[in-house]
Amino acid sequence: MKAILSGVYIYQYLSVKAAIGKWIGLVFAISVGLSLAIMGAYVHIACVFANQLSKLSFFKEISENKQLKL
């Protein structure tokens, strides 16, 4: 996330496919009892959700403004 906030473009980092893969991996990791910090995965999934919401017509001004867009 630090790279995206600093302006680096990472291809499909905030795509729905990446969020689904992250969620499935997180479910499996927790189910087998791995000890991991899950907050990072939740932040990534929340950023994907916010990115997809910004594409709706209701948020058109935010998605077109380069200063407000990630």
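Which residues, counting only those in region 4-21, are surrounded by 15 or more Cβ atoms within 10 Å (Cβ to Cβ) and free of Cβ contacts under 8 Å to residues at least 24 places away in the same chain?
Hit for region 4-21 is Y13, nothing else.
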Problem set entry | Only listed residue being in a loop (DSSP other than H, G, I, E, B), charged (D, E, K, R) and modelled with pLDDT under 85, chosen from K66, K60 | K66
Exercise. So which residues in region 24-57 are open to solvent by 90 Å² or more (accessible area, probe 1.4 Å), in a helix (DSSP H, G or I) and modelled with pLDDT under 85, if there are any at all?
Worked result: M39, Y42, S57
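The values are calculated or read from the model by the stated rules, or taken from the named source; none is laboratory data. Predicted model, so just to flag it, every value in this text is computed and none were measured. Note that each Cβ is placed from the backbone with ideal geometry, even for glycine, and that neighbours are counted across all protein chains shown. Heavy atoms of the whole protein, side chains included, go into the accessibility calculation; ligands, DNA and RNA do not. Shrake-Rupley method; radii C 1.70, N 1.55, O 1.52, S 1.80 Å.
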